[in-house]
Amino acid sequence: MRLDPNNANDWYGKGVALKDKGKFDEAIQAYDEAIRIDSNNANDWYGKGVALKDKGKFDEAIQAYDEAIRIDSNNAKAWNNKGFALYRRGKYDEALKAYDEATRLNPNFAEAWNNKGLALFRK
């Protein structure tokens, strides 16, 4: 399969594949290309946030999740992952707010409930 350099979805797919292979820097570059083509796609920002989080770049991940949330405020996964990145930065109160939003949006989101419990324990 060939990548269409002007197709944001192709770049997003490449980013997912690279992230899954642990090639975080290359994945971030692919997500950046998708964002360059279409900066209003929440999935591209979310994918970039995941790759940054997995690389341990939590502050940058938070920024990417904020963009995803700005575009789609109903993205429970983005709220949860933002909470995780905030938690890893020791910002437990902010993390709790993000987890609250994730669980409000998806009351059955077990991972967000678990993460909220961990943040409450640390607080």
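What follows is calculated from the coordinates using simple rules that are stated; it is not laboratory data. Note that this is a predicted model, so its numbers are computed, not measured. Reconstructed Cβ throughout: ideal geometry from the backbone, glycine too, with neighbour counts over all protein chains shown.
List of remarks:
- Alpha-carbon spread of the chain, three principal axes, descending order, Å: 47, 25, 21
- Taking a ≥ b ≥ c as the square roots of the Cα gyration tensor eigenvalues, region 16-83 comes out oblate, since a/c reaches at least 1.5 and a/b does not exceed b/c.
- The length gained by stretching the chain between residue 2 and residue 89 to full extension, at 0.36 nm per residue less their Cα-Cα distance, is 27.4 nm.
- Using only side-chain charges placed at the Cβ, +1 for Lys and Arg and -1 for Asp and Glu, the dipole size of the chain relative to its Cα centre rounds to 540 debye.
- Descending principal axes extents, region 73-123, alpha-carbon based, whole Å: 24, 17, 12
- Contour minus Cα-Cα distance for residue 9 and residue 39 (0.36 nm per residue): 9.6 nm
- If R0 is 35 Å, the Cβ-Cβ spacing of residue 17 and residue 118 corresponds to a FRET efficiency of close to 0.70.
- Helix-only [θ]222 nm of the chain, DSSP H runs n ≥ 4, -39500 (n - 2.57) each, per residue, nearest 500: -24500 deg cm²/dmol
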